[in-house]
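Student: Here it is: the structure, laid out below.
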Amino acid sequence: MNDLFSLDSDGYDEPAAAPGTARNRPRSPLPVRMRPRTVDEVVGQQHLLGVGSPLRTLAAGEPAARTGAPTSVILWGPPGTGKTTLAHVIARGPGRKFVELSAITAGVKDVRRVMDEALSNRDLHRITTVLFLDEIHRFNKAQQDALLPGVENGWVVLIAATTENPSFSVVSPLLSRSLLQTLKPLTEDDISSLLQRAVEDPRGLAGEVVLDDDALAHLVRLAAGDARRGLTALEAAAGVAHSAQMEPAAAEDGDRKEEEGDDGAQPGPVRITLQHAEKAVDVAALRYDRAGDQHYDVVSAFIKSLRGSDVDAALHYLARMLESGEDPRFVARRLMISAAEDVGMADPTALQTAVAAAQAVQLIGMPEGRIILAEAVVHIATAPKSNAAYNGINRAIADVRAGKGQGIPAHLRDAHYPGARQLGHGKGYVYSHDEPHGIASQQYAPDDLVGTDYYVPTDRGTERTVSARLEKLRAIIRNR
């Protein structure tokens with residue numbers, strides 16, 4: 001059988017070889033094989049890799065003493081954003097030796113051994129040791145303190161990676177001696193570019209597969225900004241596609257291949273379809289395009305389910321949007337609109353819940369943000385409904401656009417600037433707080449809109465009490 005995906009075990013330079021050669025050796029996973037060798041191959045994080053940036057200077061292998069490059073860097077960011085990749089790129093500079101430790105398994109003795117060897121390599125062989133320490137937030141204070149002499153004296157170039165805020169997980173002396181670089185999640189364009197490169201690159205799938213557009217879109221969505229996850233899913237999908245193509249051929253031509261010595265090679269590249277991608281990662285592809293019809297259709301159904309008080313349907317559409325990669329901030333904005341437009345004064349606290357949910361999602365992010373959004377959905381969907389405020393502002397806007405209400409009663413006009421009182425501004429104005437119940441009987445609306453009712457409350461929820469109070473307010477104000 002033709003092994004499409006075996007490459008040199010170190011995953012760097014050996015291209016695809018003929019069947020039956022050393023290419024049958026154990027291979028590295030696709031994310032390892034596709035690890036960039038230079039700064040220019042790095043996908044994303046361009047805000048950290050501009051010309052003259054500290055990381056680019058480090059990767060060039062220039063001595064820190066001459067260039068001002070840092071000797072310790074802390075890379076903080078989500079998984080799969082390139083922390084390990086950047087460490088390897090820096091380590092490939094001239095005169096560098098790469099040493100990797102994991103904070104999960106390494107102890108103080110391991111750190112000190114690396115420091116001693118690094119000092120010897122620097123002084124005796126002029127070799128700089130790049131120490132990559134993954135998950136540094138798992139190191140306790142004593143273990144982190146063991147790094148200080150090597151960092152302080154430049155024995156090593158320390159590249160520490162963490163997914164947690166270094167301000168809380170890294171000791172102050174080490175933090176003060178390090179350059180903190182914050183990595184951002186990769187964009188969908190970044191992931192798409194990376195996967196397409198992996199399909200063609202000799203270190204990757206070497207052009208022996210063709211990736212359908214919808215399969216690519218599915219893999220990009222599932223990656224969720226994690227390059228490692230995307231490449232792993234691509235390799236799995238390639239394996240599924242390869243097996244699917246080989247099995248029918250093996251069943252029909254097995255005897256002939258055995259007799260003729262056919263190695264099973266296929267005439268053309270293997271096609272990776274959406275079905276292969278779904279099977280590989282065991283997640284169905286949701287038909288949802290954030291820039292197309294599905295986006296608007298699902299959002300429309302979501303809003304109408306909220307308005308119709310079907311909490312179960314609303315939760316379904318919420319899950320569908322979130323699982324499809326919709327921006328949770330967009331969902332939060334729609335909830336605020338729904339709370340104001342469809343619930344309104346029938347339950348004024350619905351808008352408070354929606355605003356709080358939007359703010360909380362900004363602070364917390366996903367996936368926990370789904371819980372907060374769900375709470376807001378349940379509140380809005382189960383609340384009594386009234387669009388009276390919505391209808392009220394629409395009626396008022398319609399009159400303004402029709403040219404009504406041009407004037408302002410003289411007693412309501414600003415009387416603070418010189419000469420205003422001579423024009424009659426403010427004359428006869430009644431201060432509401434001086435009147436019984438804090439309500440004054442006087443004209444507020446323009447002359448041609450006196451007696452116009454824009455807001456017509458319903459008898460649902462809190463608005464039932466508003467309706468009774470409003471009748472009394474209008475009676476006093478309009479002196480009727």
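Student: Can you tell me the relative contact order of the range 337-480? Whole percent, Cα pairs under 8 Å, sequence separation 6 or more.
Tutor: Result for the range 337-480 is 27 percent.
Student: Viscosity 0.890 mPa s, temperature 25 °C: what is the translational diffusion coefficient of the chain from Stokes-Einstein with a Kirkwood Rh over Cα pairs, rounded to a whole number of µm²/s?
Tutor: 86 µm²/s
Student: If contacts are Cα pairs under 8 angstrom and at least 6 residues apart, what is the relative contact order of the range 121-197 in percent?
Tutor: 32 percent
Student: Between ILE337 and LYS141, what is 0.36 nm times their sequence separation minus the Cα-Cα distance? Round to one decimal in nm.
Tutor: Details: separation 196, 0.36 × 196 = 70.56 nm, distance 4.87 nm.
In short, 65.7 nm is gained.
Student: Which is the longest run of the chain containing none of the GluC sites (Glu not before Pro) found in DSSP loop states (not H, G, I, E, B) with at most 14 other C-beta atoms within 10 Å?
Tutor: Working: sites that count: GLU164, GLU368.
Value returned for the longest uninterrupted segment is 165-367.
Student: Starting from the Cα of ARG480, step 7 Å along the direction of its Cβ; do the same at LYS427; then give the gap between the two resulting points in nm.
Tutor: Output for this residue pair reads 2.9 nm.
Student: How many angstrom lie between the Cα centre of the range 181-201 and the Cα centre of the range 444-468?
Tutor: 56 Å
Student: What trypsin sites (Lys or Arg not before Pro) in the range 146-255 are in a loop by DSSP, with at most 10 other Cβ atoms within 10 Å of the Cβ?
Tutor: none
Student: For the chain, what's the relative contact order in percent, using C-alpha pairs closer than 8 Å and at least 6 residues apart? Walk me through the numbers before you get to the answer.
Tutor: Numbers: 733 pairs, mean separation 52.1, N = 480.
About 11 percent, as a whole number.
Student: Among ASN387, GLN359, PRO328, whose Cα projects farthest towards the positive end of the dipole of the range 321-392, with charges put on the beta-carbon of Lys, Arg (+1) and Asp, Glu (-1)?
Tutor: The one lying farthest along the dipole's positive direction is ASN387.
Student: Using only the Cα atoms of the range 83-164, build the gyration tensor, take square roots of its eigenvalues as a ≥ b ≥ c, and label the shape rounded, prolate or oblate: rounded if a/c is under 1.5, else prolate if a/b is larger than b/c, else oblate.
Tutor: Oblate is the answer for the range 83-164, as a/c is 1.5 or above yet b/c matches or exceeds a/b.
Student: On a 1.4 Å probe surface of the protein chains, which of LYS109, LYS184, LYS279 comes out largest in accessible area, and what is the full order?
Tutor: The residues order as LYS109, LYS279, LYS184, largest area first.
Student: LYS97's amide H: which non-local residues (gap 5+, or another chain) put their own amide H closer than 5 Å, with H modeled 1.01 Å from N in plane and none for Pro or chain starts?
Tutor: THR128, THR129, VAL130
Student: Okay, next question. Please compute the net charge surrounding ILE127, taking Lys and Arg as +1 and Asp and Glu as -1 over other residues with Cβ under 13 Å from its Cβ.
Tutor: The answer is +2.
Student: Put a dot 7 Å past each Cα toward the Cβ at HIS295 and ASN394; how far apart are the dots in nm?
Tutor: Here the modelled spin labels are 2.5 nm apart.
Student: For labels at GLU117 and VAL51 in the simple 7 Å Cα→Cβ model, what's the distance in nm?
Tutor: Label-label distance for GLU117 and VAL51, simple model: 3.9 nm.
Student: Tally Lys/Arg at +1 and Asp/Glu at -1 over every other residue whose Cβ is under 13 Å from the Cβ of SER172; what's the total?
Tutor: Charge balance near SER172 sits at +1.
Student: Let me ask another. LYS385: which lysines have alpha carbons under 20 Å from its alpha carbon, excluding same-chain residues fewer than 8 sequence positions away?
Tutor: Partners found: LYS304.
Student: List the residues, sorted by chain then number, that are 5 or more residues from LEU179 or on another chain and whose placed amide H is less than 5 Å from its amide H.
Tutor: SER72, VAL73, ILE74
Student: Can you tell me how much longer the chain between ASP414 and ASP453 gets when fully stretched, taken as 0.36 nm per residue apart minus their C-alpha distance, in nm with one decimal?
Tutor: Taking ASP414 through ASP453 to full extension adds about 11.5 nm, to one decimal.
The values are calculated or read from the model by the stated rules, or taken from the named source; none is laboratory data. Just so it is clear, the structure is predicted and the values come from calculations on it, not from any experiment. Cβ atoms come from the backbone with ideal geometry, glycine included; neighbour counts cover every protein chain shown. When the accessible area is computed, the model is the full protein with side chains, heavy atoms only, and any ligands, DNA or RNA have been set aside. Shrake-Rupley method; radii C 1.70, N 1.55, O 1.52, S 1.80 Å.
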